[in-house]
Each structure stands twice: as structure tokens, then as C-alpha cells.
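The values are calculated or read from the model by the stated rules, or taken from the named source; none is laboratory data. Model, not experiment: these values are computed from the prediction. Backbone-built Cβ (ideal geometry, glycine too); neighbour counts: all protein chains shown.
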Amino acid sequence: MKDATPRATLLSEYRPFSHLIDAVELDFRLAPNATRVRSRIAFRPNPAGEGGPLRLDGEGLTLISARIDGKDVAPRILPGGLVCEVPDGPFTWEAEVEIDPASNTALEGLYMSNGMYCTQCEAEGFRKITYYPDRPDVMAPFTVRIESDLPVLLSNGNPASREGGVAEWHDPHPKPAYLFALVAGDLVAHEDAFTTMEGREVALAVWVRPGDEGKCAYAMDALIRSMRWDETEYGRPYDLDVFNIVAVDDFNMGAMENKGLNIFNSRYVLASPETATDGDYGRIEAIVAHEYFHNWTGNRITCRDWFQLCLKEGLTVFRDQQFTGDMRSPAVKRIEDAHLLRGRQFREDNGPLAHPVRPESYVEINNFYTATVYEKGAELIGMLRRLVGPDAYRRALDLYFERHDGEACTIEDWLAVFEDATGRDLAQFKRWYSQAGTPRLAVETARDGNALAVTFRQSTPPTPGQPEKRPVVLPVALGAIGPDGTELMPTRVIEVTEAEQTERFDLPEGAVLSILRDFSAPVILTREQSAQDRALLLAHDTDPFNKWEAGRTLAKDALVAMITDDRAPDTAYLDALAPVLGDETLDPAFRALVLAIPSDDDLAQTLASAGTTPDPQRIDRARHALIGALAKHLEEQLSGLYDAMRIDGPYSPDAGDAGRRSLRNAALLLLSHRDEGARADAQFEAADNMTDELAALTTLLRIDRADESVARFHDRWRDDRLVIDKWFSVQVMHAPGPKAADVAARLTEHPAFDWKNPNRFRAVMGALGANHAGFHAEGGTAYDLLADWLVRLDPVNPQTTARMTTLFETWPRYDADRQALMRAALERIGNAPGLSRDTSEMVSRMLG
Ligand code: B3K
Ligand code: ZN
């Protein structure tokens with residue numbers, strides 16, 4: 001470990017910084033191994049600060065010179081920064097440092113990717129560029145000068161001048177250092193323009209490597225739609241003369257919302273019908289929107305400290321979810337988001353890494369960009385909106401923007417605008433931010449004539465460091481359907497605030513309650529309900545989420561019975577599915593979701609939370625058996641759907657066509673169990689778009705008949721790095737369980753396995769973790785392979801390594817043998833000499 005005992009940062013220890021900054025000037029002279037950075041910073045004492053010397057953060061910097069008000073000074077250099085005595089009043093700090101971007105493989109700070117310079121500063125990367133108070137509550141306007149022979153030189157804000165090899169940029173909006181960005185490279189632009197509601201002309205550009213310019217139109221279109229949507233839905237116009245997006249191949253995550261200069265992982269920018277799937281298009285649209293929306297929720301109003309991360313992330317995820325719902329289908333989007341939340345966030349919340357939406361302590365903040373902060377954070381915004389209603393929500397947001405523009409805020413500030421705009425007391429609601437864990441909501445009913453008493457009991461199991469839990473506010477949306485399928489009670493929202501609470505409804509015998517409509521609270525609902533009642537809801541519920549949920553629960557019940565009691569597949573489920581699949585009034589995208597079988601990991605989690613130890617092999621077998629039964633039972637219908645959903649005409653990524661393809665390809669996968677892959681072979685050859693081509697390949701992999709197609713696919717796409725990522729990934733993801741670790745190991749020897757590129761590393765190792773039967777195959781070879789590679793990656797790229805250790809987070813779910821093997825793998829990672837702070841924090845949290 002780097003530090004024997006890495007120190008935790010605590011929310012309770014927050015103190016304002018000693019100084020404020022009036023202006024920052026940065027001057028970069030770029031050179032791969034010896035970039036010089038000069039800074040000139042106008043400081044003045046912070047009236048709210050505690051005085052004392054100036055402490056600046058800095059990591060891996062070679063200090064060349066430092067001056068205060070023009071006079072040389074000799075600051076004390078410490079492990080994470082420096083300390084310097086300073087005058088009592090305002091002063092100017094000037095420093096020059098040297099850094100080595102070409103050797104920066106951690107991809108944090110200033111680094112190089114394919115000959116291009118770029119930056120990633122959130123959360124604490126700016127300190128690797130120069131000495132600075134690298135914390136979000138210190139905001140300042142920046143002027144940046146870049147000197148380089150490279151043709152394109154970009155930074156935040158508006159361009160100020162460009163002459164010879166020098167460009168100057170000025171960003172008038174005060175910002176924290178984590179939003180700083182610089183890009184220099186041989187890049188080409190896909191350009192467009194936007195006129196804001198205030199009449200501002202904005203020049204838009206998506207910058208990519210030469211050769212990729214034909215793949216930027218969709219990202220640009222998504223950007224323009226996002227800008228318009230934020231104006232119409234939130235009244236938020238853009239505030240600079242330019243907005244630039246740059247695509248980078250080596251990037252630790254999805255994208256970054258730097259002011260006026262968003263930097264993206266190229267996989268979330270580049271798209272053409274031949275190379276990108278419908279899923280890729282959807283992610284590009286959502287991420288472009290997400291980063292753009294941060295301009296108001298994150299950049300103009302930022303976080304006081306990193307504990308408040310959900311203030312910008314939860315809210316911005318919620319906004320991008322609303323946007324996608326508006327662009328596509330709100331019902332389908334809600335189901336996908338709820339499904340993702342259960343898959344990722346519930347998994348986190350019910351394991352050793354559980355933490356509150358607003359954590360109170362961290363060692364490495366990069367380890368807290370989690371599903372809990374993002375996705376559960378977004379659910380909290382959705383619950384607030386449901387509790388106060390859409391009009392009051394909009395009033396509260398208007399007040400938020402008006403009151404806090406230009407400030408660094410807290411969750412208390414956020415809740416206060418809701419309290420002030422609505423008069424509501426949110427003290428109990430606030431528990432959602434500090435209490436980790438997924439609440440269980442048990443529902444029981446008792447009838448007396450037409451009086452139906454519904455009792456809700458909520459409880460949250462203990463999580464690390466939080467043995468006792470208190471009741472939270474649960475908005476429970478519910479309605480009722482009559483035995484003939486008509487709606488007896490339209491949706492109403494009950495607020496469950498007590499540990500136990502009973503509500504009464506006037507509903508006749510035979511009425512079937514539909515509870516937690518629209519997934520109105522992020523809880524695990526437990527409730528005895530007959531298969532007949534579930535089938536009724538699947539057929540007739542007016543709430544799309546609960547209609548889908550009814551089918552899902554039937555599928556899960558059938559699978560659990562197959563896994564635990566060796567039962568045969570339940571034909572009641574198969575019968576209930578048929579009319580929904582055939583209902584042409586239903587969106588094909590929705591029908592595709594209904595047809596999807598719960599994943600192995602989902603089943604493992606379901607079993608574990610019901611107190612049964614999941615057996616990965618049995619789960620895999622049962623799932624296969626159900627797929628086989630479904631294919632047999634519905635063969636004719638599926639075959640009809642496969643033909644009916646065919647699209648003739650040019651590819652369009654819009655939601656309508658994408659939905660048809662997803663239903664058609666879901667049918668294809670099932671039908672391959674009947675036709676030995678004949679349709680998939682034909683589709684693989686004929687496909688004119690990546691969605692259909694990859695679906696065919698995946699289908700062939702799943703029935704273990706893909707050898708030839710895998711080779712053909714590689715030959716077709718060997719020069720397209722993003723498609724080759726898919727090629728690596730699907731082979732591992734869809735390998736039969738016992739073979740998965742071998743397939744992954746073999747692929748790591750492929751010449752194109754560039755393991756220092758995070759996308760490529762994740763394509764193989766992330767896919768191994770996602771192949772449940774493969775990752776947990778007997779003997780633990782997959783655990784060992786992953787551990788070997790994480791030990792190797794850690795010194796090169798701690799952030800990606802730490803993130804990928806979470807593939808082990810489910811260890812407590814499994815049997816004693818697997819637990820021991822997974823723990824041993826984690827211990828081996830933990831004992832690697834020189835392990836990064838990032839990874840060591842993750843390992844020690846997981847091992848407890
Ligand atoms: N704010 C960035 C994430 C930064 C992650 C730092 N480890 C992207 C986003 O959420 O929009
Ligand atoms: Zn974000």
C-alpha cells in the first residue's frame with residue numbers, strides 16, 4: 001500500500017478554505033515528457049476561513065519556481081502538496097511546474113492518448129497539473145494560454161485569441177478546478193450551431209480523430225435536442241459562445257462535463273449504423289444529454305465538497321432520464337431504469353460496499369462514483385417530485401437556480417428550496433441521504449366486506465457501520481384492477497412514513513391491487529400474490545411498469561421453483577405471456593422487455609435476499625430450461641414476430657425502429673433453440689447494421705455454434721477499435737460457463753488486447769464478471785484470472801482497477817467454497833506490493 005494507513009476524509013471535518021480566488025491564469029507549454037505549467041493566481045483571505053498559511057494540493061509535480069507578489073518564495077513541499085507563509089491581505093501567487101503527460105497511464109490530470117493531450121480532473125486530478133486548492137468550493141474565472149505545434153488547442157470558456165502556435169481561452173464563469181479541461185491534438189470537427197432562447201449564437205463542435213468525422217452526426221443531434229429540452233423543460237439556456245465535445249479513446253469512465261469543453265470516451269460519441277448498436281445510440285443520446293445538463297446542475301451550481309456529489313449527479317441523472325423518456329418512451333425508460341437500479345444499486349446496497357447516497361467518509365473519492373450516488377440519488381429526486389407534484393417541483397428548481405447560481409452547495413441547500421417552495425417539512429425525507437441499504441416493504445391485506453385494509457411494514461437491514469435503521473418516507477403509488485380486467489381504482493400515492501401503517505380502501509371482492517406503480521420508491525416489495533392475480537395484472541394493468549413487473553415476477557417465481565425444487569417450467573407463465581407478446585397495441589420495445597428472462601445475477605440476488613444460497617450452475621441450467629420451454633411453447637408466435645418485426649428500408653436509430661429490432665432479436669435468440677441457429681446465420685450474413693449483426697453473433701455464441709462467425713466478424717471489423725471491443729466482449733460474456741475463463745485468458749493473449757486501454761480491459765474482464773455461470777464456475781479459475789489482471793493493472797491505472805474490484809462485491813451471497821475463493825482473490829489483490837490507495841480502500845471495505 002502507498003500509505004500504510006490512508007487517512008479518511010470526513011464530512012464532519014469540512015472547513016471553508018483559507019482564501020478566495022479572484023482570477024486564475026494558466027500557461028501551458030506542451031511537450032510529451034516535459035510540459036511546463038505556469039500559474040498566476042490572485043488570492044485574498046476568505047472572511048469565512050480560519051486564516052493560517054496557504055496550503056495547496058499538488059501530486060507528482062516538479063516545482064521549478066514559486067513567487068508571491070513577484071518575490072521568490074520557498075514553500076515547504078509535503079507528500080500531497082505544499083505550505084507557504086503568505087501576506088495577511090490579497091496577494092498574487094505565481095508558480096511554474098513540470099509534468100510528464102506521456103507517462104501518465106492513470107488517465108487523471110493531463111495525459112496523452114494517441115498523440116493527443118487531454119485532461120480528466122474530476123474529482124482530484126487538477127492537483128496533478130499544478131499546485132492549487134483542488135476542492136470544489138473554491139471557484140474562479142480561468143484564462144488559459146496553450147503553446148503547442150498541434151493544430152487544435154482547446155480549453156474551457158470562449159476562444160480569446162489564436163496566433164501561431166498559441167491559443168488563449170477565457171472562461172468568465174467562476175468554476176472549481178475539477179471542471180478545468182485542456183485538449184491539444186490533430187483533430188477534425190463536425191460543426192453545427194444553436195441559437196439559445198436568449199438569442200445567443202453558439203458554435204457547436206464535436207472533435208474527433210481524422211477518419212471519424214462521419215460518425216459524429218448523432219452525438220451532435222443529441223446535443224442540440226438536449227439544449228432545446230433544457231430550455232423548454234427547465235428554462236435553462238446555455239451561457240457561452242462555443243460548446244465543444246472531444247472524443248478520446250483512453251478514458252476511465254463515460255464522459256466529463258468540463259465547462260464548455262466536454263470530454264468523452266469515444267464509445268459514447270462515435271456512431272454509424274454499421275458500427276453502433278441501438279443500445280450504443282441510446283447511450284450516446286443519454287450521456288451527451290447528461291453532460292450537457294451538468295452545465296446548470298453541477299457547473300453553475302456545484303458541490304461544496306465531494307460528500308455532496310449526489311447533489312449534481314443524482315439530479316443530473318434524473319434530468320437525463322426525463323429527457324430520454326421524452327425523446328423515446330417514458331414507460332420503457334422507467335422499466336429500464338428500475339431494472340438497472342435493481343441490478344446494480346441493489347447489489348451494492350445489499351453487500352459490503354453499501355453506503356449512503358451522501359457518504360460521510362471516504363479514503364479515495366473516486367471510489368464513490370457509484371450506482372448509489374448516481375442511480376439511487378436520481379430516485380430520491382424522483383420521489384421528491386412525486387411527493388410535491390410536478391408544478392411544485394418546477395417552482396423549487398426555479399428557486400434553486402435563482403438562489404444558488406454561482407455557488408457551491410449542499411444537500412441541506414437543496415432540501416431547503418423544496419421546503420421553502422412548498423412549505424413541506426422534509427426532515428424525515430432527509431434520512432434517505434444518510435441511511436444506506438434497500439428498504440423492504442412488506443404488504444398484507446385483510447378484507448371485511450368491501451373494506452380492504454392494506455398494511456405496509458417497512459424495514460431496512462443493517463449495512464456496514466449502520467446497525468440500526470429508521471423508517472423513511474415512501475411514496476407508494478397504487479391502483480386496483482377488477483377480475484374482468486377493468487380499472488377499479490386509478491393510481492393514487494400513499495405516503496408510508498411509519499414502520500407499520502395501515503390504509504383502507506373501498507374495493508369489491510376480487511379486486512387486485514397493483515402496488516408500487518411506476519416503481520414509485522426504490523424498495524424491495526414483498527407480497528404474497530397468486531399466479532392468477534399476477535397474470536391478471538400482466539394482461540390488464542394500466543400501469544406499464546407493474547404490467548411488466550407482473551410478468552417478471554411470474555418468470556422469477558417459475559425459475560426459483562425450478563432452481564430450488566427441480567420443478568418443470570411453469571406453463572401458466574408461458575400461457576400468460578402469449579397474449580401480451582401478440583398485443584399489437586403495445587410498443588414492441590415494451591414487449592421485448594416482457595420477453596426478457598431475468599438474468600442469472602438477478603436470480604442469484606433474488607435467492608440470496610430470500611435467504612437461499614444461490615448455486616450458479618443450477619441457476620444457469622434452470623434459465624436455459626426455461627428458455628427452451630419458452631421457445632417450444634411459443635415457437636409459432638415467435639416465428640411470426642420475427643417476420644413481422646422485420647424492417648425494410650434504411651436503418652434509423654429512432655425508438656420505434658429500435659424497439660422492433662429488440663423484439664425481433666429477442667425472438668431470434670429463443671428461436672435459435674428450435675432452428676439450430678439457421679435464422680441467426682442468415683441474419684449474420686444479411687445484416688446491414690450492427691444491432692442485427694451483433695444480435696446474430698450473440699445468438700450463435702449462446703448456442704455454441706459461433707466459431708466461424710466469430711472469425712468472420714473479426715476480419716470484417718479488425719480496423720474499427722470500438723467494434724473490436726464488442727468482439728472481445730461478446731465472446732467472453734456469452735461463453736458457456738465452464739469455458740468462460742479459458743476464453744478470457746486466451747483473448748488476453750490476442751495481439752489486439754491492449755490492456756492499458758480501459759475500454760479493451762473492460763471488454764474482456766468486465767464481460768467475465770458479467771458471465772455469472774462463467775465467473776462463478778467451480779474451482780475459481782475466473783476469480784484468479786481477474787485477480788491476476790487487477791494486480792497487474794493497479795500500478796498502471798488505479799481508478800479502473802479499483803472500480804473493477806467490485807466484481808467481487810457479491811462474495812457474501814455464495815457458498816462457503818466460493819466465499820473462500822473470492823476472499824482469497826481479494827486478499828491476494830490487497831497484498832500486492834505498492835497497491836494504490838484506490839484499490840486498497842475497495843479491498844478492505846469488501847473484506848470488512
Ligand atoms: N462527473 C463525471 C464523472 C467523474 C468521475 C471521476 N472519477 C461524469 C458524469 O457523471 O457526468
Ligand atoms: Zn454526471
Could you check, for segment 762-779, whether at least one of its residues is polar (S, T, N, Q), closer than 28 Å to Asn104 by Cβ and at pLDDT 95 or above? no
Among the residues of segment 265-278, are any buried (at least 22 other Cβ atoms within 10 Å of the Cβ), within 16 Å of ligand 2 (Cβ to nearest atom), touching a residue at least 24 places away in the same chain (Cβ under 8 Å) and among the polar types (S, T, N, Q)? no
Out of the residues in segment 330-383 that are within 16 Å of ligand 2 (Cβ to nearest atom) and touching a strand residue (DSSP E or B) at 6+ places or on another chain (Cβ under 8 Å), which is nearest to Gln605 (Cα to Cα)? Phe368
Failed item, numbered, when Ser520 is tested on (1) out of contact with any helix residue (DSSP H, G or I) (no Cβ under 8 Å at 6 or more places or on another chain); (2) crowded, with 16+ Cβ neighbours inside 10 Å: (1)
Identify, please: which residue in segment 244-263 is more than 21 Å from Ser103 (Cα to Cα) and under 16 Å from the mean Cα position of the chain (by Cα) and is, among those, nearest to ligand 2 (Cβ to nearest atom)? Glu257
Selection count where residues are under 27 Å from the mean Cα position of the chain (by Cα), within 20 Å of Pro588 (Cα to Cα) and touching a residue at least 24 places away in the same chain (Cβ under 8 Å), scope segment 618-655: 2
Specify the residue that is nearest to ligand 1 (Cβ to nearest atom); the eligible residues are those in segment 306-329 that are in a helix (DSSP H, G or I) and farther than 17 Å from His290 by Cα. Trp306
Test result for Thr297, more than 11 Å from ligand 2 (Cβ to nearest atom) and under 30 Å from Gly406 (Cα atoms): no
Got a sec? Which of Thr410, Thr422 is of a type in the set (S, T, N, Q) and more than 27 Å from the chain's Cα centre (by Cα)? Thr422
Going through segment 198-221 in order, the residues found to be surrounded by 14 or more Cβ atoms within 10 Å (Cβ to Cβ) and part of a strand (DSSP E or B) are Val202, Ala203, Leu204, Ala205, Val206, Trp207, Val208
Do we find that Asp349 is among the charged types (D, E, K, R), at pLDDT 95 or above, buried (at least 23 other Cβ atoms within 10 Å of the Cβ) and more than 16 Å from ligand 1 (Cβ to nearest atom) in this structure? yes
Pick from segment 308-329 the residues that are free of Cβ contacts under 8 Å to residues at least 60 places away in the same chain and over 13 Å from the mean Cα position of the chain (by Cα): which of them is farthest from ligand 2 (Cβ to nearest atom)? Gly325
Among the numbered criteria (1) among the hydroxyl-bearing types (Ser, Thr, Tyr); (2) in contact (Cβ under 8 Å) with a residue 60 or more places away in the chain; (3) assigned to a strand (DSSP E or B), which single criterion is violated by Thr105? (3)
Go through (1) within 11 Å of ligand 2 (Cβ to nearest atom); (2) not in a helix (DSSP H, G or I) one by one and return the number of the condition Ala289 breaks. (2)
Inspect all residues belonging to segment 793-803 and state whether any of them is acidic (Asp, Glu) and assigned to a helix (DSSP H, G or I). no
Within segment 452-464, is even one residue touching a residue at least 24 places away in the same chain (Cβ under 8 Å), basic (Lys, Arg) and closer than 30 Å to Leu630 by Cβ? no
Please list, ordered by first then second residue, the pairs with beta carbon atoms under 6 Å, 6 or more apart or interchain, first in segment 775-801 and free of Cβ contacts under 8 Å to residues at least 40 places away in the same chain, second hydroxyl-bearing (Ser, Thr, Tyr) and crowded, with 19+ Cβ neighbours inside 10 Å. Leu793/Thr801; Thr801/Thr839
